Amino acid sequence: MIFAATRKSLPKLRIMDFLTSTAILPLLFGCVGICSLLKLLQRMRTRAYLRNAVVVITGATSGLGRECARVFYAAGTKLVLCGRNREALEELTRELTAAQVTKVQTHKPYMVTFDLADSGAIGAAATEILQCCGCVDVLINNAGVSYRGSVVDTTMDVDKRVMEINYFGPVALTKALLPSMIKRQQGHIVAISSIQGKISIPFRSAYAASKHATQAFFDCLRAEMEQYDIEVTVISPGYIHTNLSLNALTADGSKYGVMDKTTAQGRRPMEVARDVLAAVGKKKKDVILADLLPSLAIYLRTLAPGLFFSLMASRARKEQKSKSS
C-alpha cells in the first residue's frame with residue numbers, strides 16, 4: 001500500500017518540479033533583469049544630470065574634496081575647484097586634465113582661490129564663479145576642519161574658528177550663490193557634514209557643534225527651496241582615511257598632528273567620493289555613509305538616550321584616563 005501511494009504521488013511531484021522549473025526560474029531571471037535594467041536607467045539619469053553641469057567643490061585640494069574632483073571630472077562636469085592654496089589647485093588641475101577619460105567629454109576645471117574663514121572673500125569668490133561660468137548647477141560644501149580637545153580647556157577663539165570654517169563659511173557661500181539658483185529655479189546644494197552632525201562624542205565639542213548646526217541649516221534650506229525645485233543633500237560620512245585628524249585644531253588652536261586609529265582605519269576617500277557622486281545623481285536628501293556601529297548609535301540616541309549618554313560618559317572617562325597615563 002505504501003508503494004502504491006508512492007506511485008500515485010509521483011505524478012504530482014513531477015508536476016510540481018515542472019512548474020518550479022518552468023515558472024520560478026524564469027520569474028527569478030526576470031526579476032534580475034528588471035533590477036539590472038533599473039540600475040542601468042539610474043546610471044543613465046545620473047550621467048545625464050551631471051554631464052556638462054557646473055559643479056563647485058570647496059576644499060578641493062586634499063582628502064575627500066580631491067577625490068570628489070576626480071569622480072565629478074570623470075563624469076563630464078564643468079568643475080570649479082576652490083581652495084586656499086593656488087599651487088595645489090593648479091597641481092590638481094594638471095592631474096585631472098592629464099587623466100585619460102574616454103567615455104565622456106571632459107572640461108578643463110576653473111580655479112577660485114579663497115579662504116572660507118575669511119567672510120569678506122566669500123562674496124567676491126561667488127561673484128567670480130558666476131562671472132566665469134554663468135551659473136552653478138551643483139555646489140558641494142566640502143571644506144572643513146576637525147578638532148580635538150576638552151570643553152574646559154578650549155578657548156572661545158578655537159570654537160569660533162571651527163564654526164567659521166565648518167558652518168558660517170559654507171552658509172555664506174550658499175547664500176551668495178542661492179539667488180542665481182532661485183532665479184533659474186534650478187540647482188543642487190550639497191553639504192558634507194559628518195556622523196557627528198547627528199550624534200556627539202567626547203572631546204569633539206566644537207566639531208560636533210559645527211556639524212549639528214550644518215545639519216539643521218541645510219534641513220531648513222531643503223524645505224524652503226522645494227518650491228523652487230532646488231535640491232539639497234546632506235551627506236554624513238563616518239571615519240575617512242584622510243589627513244583630517246592630522247590637521248585638526250586642538251584646545252589652544254595648535255595642530256593636533258596625530259593620525260587617529262579610527263581615522264587610519266576609515267574608508268578610502270575614493271569610495272566615499274563615489275558615494276557622493278551617486279547621492280547627487282539620485283538627488284538624495286539625507287545620506288549616512290558610516291559603518292554599522294555609528295549608524296546604530298544614531299538610533300540609540302533617539303530610542304534609548306539614557307543608555308547612549310552612559311556609553312558616551314564611559315568613553316569620556318576612558319579617553320581621559322588614557323591621556324593622563
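The values are calculated or read from the model by the stated rules, or taken from the named source; none is laboratory data. Not measured: the values here are computed from a predicted model. Methodologically, a virtual Cβ is constructed for each residue, glycine included, from the backbone with ideal geometry; neighbour enumeration extends over all protein chains shown. The accessibility values were calculated without ligands, DNA or RNA, using every heavy atom of the protein model including side chains. Shrake-Rupley method; radii C 1.70, N 1.55, O 1.52, S 1.80 Å.
Which of the residue pairs 261/284; 103/282; 78/160; 261/285; 211/255 have a Cα-Cα distance greater than 22 Å in the structure shown?
261/284; 78/160; 261/285
Taking all protein chains as present, what is the carbon and sulfur share of the accessible area of segment 130-218, in % to the nearest whole number, probe 1.4 Å?
57 percent
With a 10 Å radius around each residue's Cβ, average the other Cβ atoms per peptide and rank 144-151, 51-58, highest first.
Taking the mean over residues of other Cβ atoms within 10 Å, the ranking is 51-58, 144-151.
Under a point-charge model restricted to the Cβ atoms of Lys and Arg (+1) and Asp and Glu (-1), what is the dipole moment magnitude of segment 219-325 relative to its Cα centre, in debye to the nearest 20?
Magnitude of the dipole: close to 580 debye.
List every residue whose amide H lies under 5 Å from the amide H of residue 111, counting only residues 5 or more places away in sequence or on a different chain, with H placed 1.01 Å from N in the peptide plane.
Distant-sequence amide H within range of residue 111: 81.
Give the long-range amide H neighbours of residue 187: residues separated by 5 or more places, or on another chain, with amide H under 5 Å away, using H modelled in the peptide plane at 1.01 Å from N.
Amide H to amide H, under 5 Å and 5 or more residues apart or across chains, residue 187 pairs with 231.
Can you tell me the dipole magnitude for segment 167-264 around its Cα centre, using point charges on the Cβ only (Lys, Arg +1; Asp, Glu -1), in Debye to the nearest 20?
Rounded to the nearest 20 debye, it is 180 debye.
What residues qualify as long-range amide H neighbours of residue 289, i.e. H under 5 Å apart, gap of 5 or more or another chain, H built at 1.01 Å from N?
236, 238
How big is the gap, in Å, between the Cα center of segment 66-109 and the Cα center of segment 262-290?
If we compute the Cα centre of each part, the gap is 19 Å.
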